[in-house]
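The values are calculated or read from the model by the stated rules, or taken from the named source; none is laboratory data. Note that this is a predicted model, so its numbers are computed, not measured. We place every Cβ from the backbone using ideal geometry, glycine too, and count neighbours over all the protein chains shown. Ligands, DNA and RNA are excluded from the accessible area calculation, which covers all protein heavy atoms including side chains. Shrake-Rupley method; radii C 1.70, N 1.55, O 1.52, S 1.80 Å.
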Amino acid sequence: MAEVKILIEGYATKENNGWLASSATVLINDSGLNILVDPGANKELLLKSLKKENLRLDDIDIIFLTHYHLDHILNIRLFPDKDVYDGNTINSDDKIIEYSGNIPDTNIQVIPTPGHANEHCSLLAKTEKGNVVVAGDVFWWEDGQEQKTNKESLMKHKDPYVKDKEALLESRKKLLETADYVIPGHGKMFRVEK
């Protein structure tokens with residue numbers, strides 16, 4: 001069974017000329033590996049969160065990116081010697097290795113979830129409390145926005161940055177059928193109503 005811990009709850013505040021935003025950063029321990037999902041953009045907060053867990057940067061085995069938006073990935077700079085995984089490739093310096101299904105050597109399933117971004121994917125970890133999905137920005141809320149988590153509200157929730165609305169709806173449907181709990185890219189973890 002995997003262990004899933006939210007190190008940083010994602011936030012997104014609209015400002016006059018842009019955003020103050022950093023993604024949810026999640027630590028998954030599976031098969032003896034520490035997998036850091038979406039290291040985010042707030043360096044100080046990430047370092048503080050790892051220290052709280054008694055982890056050093058070198059204790060992270062894998063960096064996994066749900067998609068390539070900067071608020072999710074800027075902190076990869078803290079891990080220059082680590083391989084970076086996305087939905088179907090492992091990037092090790094200039095070497096690119098393709099894979100499919102699970103993150104290699106783990107039980108963590110990679111689920112393609114396009115819509116918010118074409119390359120978007122989510123992770124499914126089987127834990128003692130059920131199926132936990134790290135959903136990236138398949139679901140996300142601005143700070144102060146009401147986070148309605150019934151199925152109808154989740155399917156209708158607007159994403160101002162959606163690349164493909166139909167694909168996003170299919171991705172949301174797929175995750176809601178699979179997950180017991182969802183960790184959104186920005187907002188609080190929620191339990192899926194069955």
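Side notes on the structure shown:
- Ordering of 178-190, 53-65 by burial proxy (mean other Cβ atoms within 10 Å per residue, highest first): 178-190, 53-65
- q = 0.22, 0.24 Å⁻¹, the range 35-134: log10 I(q)/I(0) [Debye, one scatterer per Cα]: -1.31, -1.44
- Overall form of the range 28-81 per C-alpha gyration tensor (a/c, 1.5; a/b vs b/c): oblate
- For the range 1-45: rounded, prolate or oblate by the Cα gyration tensor [a/c cutoff 1.5]: prolate
- Once the convex hull of all Cα atoms in the chain is built, its volume per residue stands at 120 Å³.
- Accessible carbon and sulfur surface of the range 124-184 relative to its total accessible area, %, 1.4 Å: 45
- Over the chain, accessible surface divided per residue gives 53 Å², non-protein components excluded, 1.4 Å probe.
- Dipole axis of the chain (+1 Lys, Arg; -1 Asp, Glu on Cβ), positive-most option in 13, 26, 103: 13
- Near the amide H of residue 139, within less than 5 Å, lie the amide hydrogens of 185, all on another chain or at least 5 residues away, with H placed in the peptide plane.
- Spatially close lysines, pair count over the range 40-150: Cα under 29 Å, gap of eight or more or interchain: 18
- Equivalent-ellipsoid semi-axes for the range 131-180 (Cα gyration tensor, √(5λ), whole Å, largest first): 16, 14, 10.
- Estimated FRET transfer efficiency (residue 164, residue 98; beta-carbon r; R0 25 Å; 0.05): 0.65
- Per residue Cα convex hull volume in Å³ - calculated over the range 95-173: 132
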